[in-house]
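Data first, discussion second: the structure below is written as structure tokens.
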Amino acid sequence: MAPQYAPSLRSRLPLVAFLLETIFVLLFVFFVKIEQHEQIDRKYDSKLFIRSYAEFQDIHVMIFMGFGFLATFLVRYGFSGSGFNVLLAAMAIQWAVMMNGFLLPQRHYRREIHISMKSVIEAELCAASALVAMGAVHGKTNPVQLLLMALVEVTGFVINQWILRTLLHADPVYSIMLLHIFGALFGVMVSWVLHREGINPKHEKEKTDRNTGLFAMLGTLFLWMFWPSFNSALVYHRRERELKLTVIYGTYLSLAVSAVMAISVSMLTNSKGKMNMVHIQSSALSGGVAIGVAMTAVHTPWIAMTIGFFASLLSALGFRYMKDHMLFAFECHDTCGVINVHAIPGILGWFANLILRLASSESTIAMRLAVYHICVLLITVCMSLVMGTATGLFLKWSFWRPQQDRKCFDDQAFWEFPNLVVKK
Amino acid sequence: MAPQYAPSLRSRLPLVAFLLETIFVLLFVFFVKIEQHEQIDRKYDSKLFIRSYAEFQDIHVMIFMGFGFLATFLVRYGFSGSGFNVLLAAMAIQWAVMMNGFLLPQRHYRREIHISMKSVIEAELCAASALVAMGAVHGKTNPVQLLLMALVEVTGFVINQWILRTLLHADPVYSIMLLHIFGALFGVMVSWVLHREGINPKHEKEKTDRNTGLFAMLGTLFLWMFWPSFNSALVYHRRERELKLTVIYGTYLSLAVSAVMAISVSMLTNSKGKMNMVHIQSSALSGGVAIGVAMTAVHTPWIAMTIGFFASLLSALGFRYMKDHMLFAFECHDTCGVINVHAIPGILGWFANLILRLASSESTIAMRLAVYHICVLLITVCMSLVMGTATGLFLKWSFWRPQQDRKCFDDQAFWEFPNLVVKK
Amino acid sequence: MAPQYAPSLRSRLPLVAFLLETIFVLLFVFFVKIEQHEQIDRKYDSKLFIRSYAEFQDIHVMIFMGFGFLATFLVRYGFSGSGFNVLLAAMAIQWAVMMNGFLLPQRHYRREIHISMKSVIEAELCAASALVAMGAVHGKTNPVQLLLMALVEVTGFVINQWILRTLLHADPVYSIMLLHIFGALFGVMVSWVLHREGINPKHEKEKTDRNTGLFAMLGTLFLWMFWPSFNSALVYHRRERELKLTVIYGTYLSLAVSAVMAISVSMLTNSKGKMNMVHIQSSALSGGVAIGVAMTAVHTPWIAMTIGFFASLLSALGFRYMKDHMLFAFECHDTCGVINVHAIPGILGWFANLILRLASSESTIAMRLAVYHICVLLITVCMSLVMGTATGLFLKWSFWRPQQDRKCFDDQAFWEFPNLVVKK
């Protein structure tokens, strides 16, 4: 007979976390230093630091508050949604600081990794790609599986960046902005491999209520409000000041349009004219994703608004019509709909980027440009699909003690609830 | 017989929103550019930008988080309170960028509108005045009505600013800070025209509970914490540095005093000595409103604290004794009590401004000064009353499909709730 | 027979608050000015101001949002937890501005107190120590008692700083970072003196639920995210730039490690392998406390991470095994577990500071250094214990109308709930 309680992770998670954390501290002992003062122009850096710290804080809020509370929309999964987000992000950031330092050359002096605002911001963006992947498997995996998935995802994403930068000489900002496409496809593949019959047709606990809808609104708003910082953080302030401002205003306007469109489309596609809060929250963000991928090619506000318009349209339609279809046709369940929020708008952004660059370049190099951009996308997609599948197979190992079907989307598998212990 | 379900907005809201959004994008195509680099002193602007972006973010959080969650206090209206806030603010900002650009001259070069941090901050402040107006009609109007009201309100408010600036040569910062008085009176007039018998004496759904009280606390706190940025954002940093600091510290102290007073008065005026959370949340903000109108005349901390003291006193008394009276005597229902939070403290601030200026000016110009300030207030009040009434009449048109009385203050008229669809 | 309702505070709190607020305004009239422009180097200050205002805002959010919502974890105490926090913090800040101005010399020109970003940040840190103390007595005291306790605590903490700075020539930053140890021990002593049998063995209302757990998560995250600003705010930017960066990165990494450890230890120490949300939220913050006390001596990332590791380990073990033990053995009830979050990690940080300084100093001065640090700790501990006991005895006076045992941890003693008034 199946056990009454969810399988205990007491002998798994603490061990894995202790071990990894000890390894991280040891690696930091030998390799990581705080950026030395002598190596940088004092006056220049002082201003850059002021600017960067505020941007870093915005992104920090997005990672921990935004992603964390966006995942609280499930009615019985709020503790896990926000709690596992902290665990994963905290580990992924430490790991990303080192991976970035080892593989991506610019912060790699004499075998030392130097922590700076830039390296921390890049680490947070890598962690964001892991959190996007987590969105696809929320509720169907336990924290050990999530933790391992996050570390593999960060590794894969940094390797992907390394390939793009060294083989294709891609722009670092462009290669890191592919995080949405990489993370979403990675997560969807893991979810596909880990598919379980118990959540078919629809798990009884996979719904929202008044309170969790508002908690998710909170997360959504923090992502939505600070997205201009997310996109513009790595655009170098001094040399590319105009680009930075263009990115900030473009992201801002794109998000405004996509919020309006998300609400409209959600109402239009319901037979009773009622809006769906979860769809709106997710689709409102799609404008930020699309413009993020295309941003270096967008120079006027109206193009940004148009990209936000179509990103939100596609995303909102995807939520209504594609999410269930994917579950039935491909047996692929995507809890937070990351394919509609991150993958499709990301690819739309990639497409907009290509079109805009072709339109502004001479016809002689147009073909080379197109091939280059298609290669970038293909490599990213292949890397994410292959690594996602491999990770899914690894996580399927029963050693990791997945929860039972009926404990999916439920905090009670992992959290103590005092009202069960103390009589009322 | 009345329909079982609320009238569907499926054929109204998406159409209006698509249409407006398309018009906005087209207007942006022809008129709006991102501020060009050549036109501004590079070094100077770099610093100003750093400063402004942080202030802009604070205001951005106030508009979307603050106003949005402040309106979630109604027990069954949380989705609408926060969701409609995003819709309205996102549309109002786009519209305000253009209205400001067309009417208010300083950002109007050769028939082009240039987006800059200043123009975006001003657009957000105009959106704030629309959100104040929305506070009066929350729960009794549908999103199409709210959307149209917001756009008319922004138009009226920008025209009012234009009148004050061109006819009376009013200070731009002063004229924009009248947003509280304009928005509140506008909203109250709309609410008066749209009055329905069904919410008399008190609608059964117009109350708060533990969770919605805390969500509203969240919105209140974000407004309360970032209000110093809201008031000081448009005070020009370089030339009026001392004034900017004075405004920041003054707003900060005024808000601290008004929070303490709100709690005290709320307890004192209840027969059992119990506090009312909704009253406290609203009255704690009144200090920021009052000091905002008076700020350019306040030079010492204690005056700011005194203004906060009396603003909160009046506001808290108004909540206890005036709100119900207004409903019975004038058949005017004010959902969020904007008249007590924005209109009365705003007029108190206007009065403090007048007194302080008279006290520090010579007697020869005292009369002119008084007449000038009375004119400013009268024009603003008349504009808001007239436009509010006209807007209310327009929105009364049954074409806009207002919800039934028993669906007032209820999310279910507009939102899908999954627990109704999926059996537990 | 005991009264049916909680004793009304209608004749106590408003009177005390009005009186104190009036005294504060009068003191501000005579003593407090906004920092004059002539006394400071213009160019230098402009940059410092930009930097400081952002840091101030981070700390402001921590004090009002962070501490406020951290205290909402009790299932029926959310309004009080967040509402009393605003009341206390707003009063404590006004009082701390004056106490700091009177006692601590650097901002004391010609008997005037000048408000500057630095003085406001210091006032907020003093208020933080009062809020830590409040954590120990939450739910067992009424708002008048809390208000008086907060003002005495701030007075005691500023006097303690004055003693350390004038007698022992302690570093101002170091002396203010002892706020955790001072506040926690002060609060625990107050709680010990005010101990009531009714909360023994465990009060039926002292538990959390899904929603309050998430509200507390919100407060935790805002504290956790902005803690780098909290620790680094008073490190002088220009002269000690490297130290400032080291503090920021150190706090960041320490917190990341302590979040991971809190989750691991909480799962490991539960027999069913389930995590406890309240413990995790509190322990995740302990890394920031410990590194805050030790920060000026920590120069490499791995030392910061190690401090976070052990702080969180001790704190999480303390929550599991010491909290109940303290209640039974010493009759001392500590609502938020401040002894495990602030006192023990604070002392660990003090110890780390001592060891690191001894390791890097010559042996000839090692003994003097050790004696000096032990004196600093002893003075702080004695001051907090003595003043906490005295305050507890003063608050035990029945004139302050403490609530009955069965109204402990319950909002209904102090707040109007509309659903009790209006029939559904």
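Tabulated data for the structure shown
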quantity: Residue within segment A:200-214 that is of a type in the set (Val, Ile, Thr), over 22 Å from A:Asn353 (Cα atoms) and out of contact with any Phe, Trp or Tyr (no Cβ under 8 Å at 6 or more places or on another chain) present; calculated: no
quantity: Scan of segment A:174-206 for residues that are surrounded by fewer than 18 Cβ atoms within 10 Å (Cβ to Cβ) and either closer than 22 Å to A:Gly78 by Cβ or basic (Lys, Arg) (or both), ordered by number; calculated: A:Arg196, A:Gly198, A:Lys202, A:Glu204
quantity: Residues of segment A:135-194 satisfying the condition of being among the charged types (D, E, K, R) and either in a helix (DSSP H, G or I) or farther than 25 Å from A:Leu19 by Cα (or both); calculated: A:Glu153, A:Arg165, A:Asp171
quantity: Whichever residue in segment C:125-142 is out of contact with any Gly (no Cβ under 9 Å at 6 or more places or on another chain) and within 23 Å of C:Phe56 (Cβ to Cβ) and, among such residues, is surrounded by the most Cβ atoms within 10 Å (Cβ to Cβ); calculated: C:Ala127
quantity: Residue that is at pLDDT 90 or above and more than 10 Å from chain A (Cβ to nearest Cβ), where the choices are C:Asn160, C:Asn200; calculated: C:Asn160
quantity: Verdict on B:Lys274 being of a type in the set (Lys, Arg) and over 20 Å from the mean Cα position of the chain (by Cα); calculated: yes
quantity: Pick from segment B:296-324, criterion within 15 Å of B:Val257 (Cβ to Cβ) and more than 13 Å from chain C (Cβ to nearest Cβ), ranking: surrounded by the fewest Cβ atoms within 10 Å (Cβ to Cβ); calculated: B:Leu314
quantity: Failed condition for A:Ser266, given (1) out of contact with any strand residue (DSSP E or B) (no Cβ under 7 Å at 6 or more places or on another chain); (2) more than 7 Å from chain B (Cβ to nearest Cβ); (3) outside any loop (DSSP other than H, G, I, E, B); calculated: (1)
quantity: Number of the condition not met by B:Leu285 [criteria: (1) over 30 Å from B:Lys140 (Cβ atoms); (2) more than 9 Å from every other protein chain (Cβ to nearest Cβ)]; calculated: (1)
quantity: Of the criteria (1) in a helix (DSSP H, G or I); (2) touching a residue at least 12 places away in the same chain (Cβ under 8 Å), which one B:Glu206 fails; calculated: (1)
quantity: Any hit, segment A:285-295, residues being farther than 15 Å from A:Leu178 by Cα, crowded, with 20+ Cβ neighbours inside 10 Å, at pLDDT 95 or above and not charged (D, E, K, R); calculated: yes
quantity: Enumeration of residues in segment B:180-209 that are out of contact with any Leu (no Cβ under 8 Å at 6 or more places or on another chain) and among the acidic types (Asp, Glu); calculated: B:Glu197, B:Glu204, B:Asp209
quantity: Any hit, segment B:183-190, residues being out of contact with any His (no Cβ under 7 Å at 6 or more places or on another chain) and more than 30 Å from A:Met267 (Cα to Cα); calculated: yes
quantity: Matching entry among B:Lys274, B:Lys244 (being facing another protein chain (nearest Cβ under 8 Å) and at pLDDT below 95); calculated: B:Lys274
quantity: Residue list for segment B:61-76, restricted to those being surrounded by 24 or more Cβ atoms within 10 Å (Cβ to Cβ) and not β-branched (Val, Ile, Thr); calculated: B:Met62, B:Phe64, B:Met65, B:Gly66, B:Phe67, B:Gly68, B:Phe69, B:Leu70, B:Ala71, B:Phe73, B:Leu74
quantity: Test for A:Ala259: is it crowded, with 24+ Cβ neighbours inside 10 Å and either in contact with a helix residue (DSSP H, G or I) (Cβ under 8 Å, 6 or more places away or on another chain) or more than 11 Å from chain B (Cβ to nearest Cβ) (or both); calculated: yes
quantity: Selection from segment B:374-396 of residues that are under 16 Å from B:Gln161 (Cα atoms), surrounded by 15 or more Cβ atoms within 10 Å (Cβ to Cβ) and among the aliphatic types (A, V, I, L, M); calculated: B:Val376, B:Leu377, B:Ile379, B:Val381, B:Met383, B:Leu385, B:Met387
quantity: Search result, residues across segment C:330-381 that are in contact with a helix residue (DSSP H, G or I) (Cβ under 6 Å, 6 or more places away or on another chain) and among the basic types (Lys, Arg); calculated: C:Arg357
quantity: When residues of segment A:220-241 are limited to those that are aliphatic (A, V, I, L, M) and assigned to a helix (DSSP H, G or I), the one farthest from the other protein chains (Cβ to nearest Cβ); calculated: A:Leu223
quantity: Helices (runs of 4 or more DSSP H) wholly inside segment A:1-85 containing at least 3 residues that are at pLDDT 70 or above and over 28 Å from A:Thr212 (Cα atoms); calculated: A:13-31, A:42-61
quantity: Given (1) within 21 Å of the chain's Cα centre (by Cα); (2) within 14 Å of chain B (Cβ to nearest Cβ), number of the condition A:Phe351 does not satisfy; calculated: (2)
quantity: Residue that is farthest from the other protein chains (Cβ to nearest Cβ), among those in segment C:207-219 that are farther than 17 Å from A:Ala216 by Cα and surrounded by 19 or more Cβ atoms within 10 Å (Cβ to Cβ); calculated: C:Thr208
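Per-residue answers, yes or no, for (1) of a type in the set (A, V, I, L, M); (2) closer than 18 Å to A:Val190 by Cα:
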{"site": "A:Val341", "(1), (2)": "yes, yes"}
{"site": "A:Leu354", "(1), (2)": "yes, no"}
{"site": "A:Ala370", "(1), (2)": "yes, no"}
{"site": "A:Arg401", "(1), (2)": "no, yes"}
{"site": "A:Cys408", "(1), (2)": "no, yes"}
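The values are calculated or read from the model by the stated rules, or taken from the named source; none is laboratory data. Since we're looking at a predicted model, the values are computed, not measured. For neighbour counting, all protein chains shown are included, and Cβ atoms are generated from backbone atoms with ideal geometry for every residue, glycine included.
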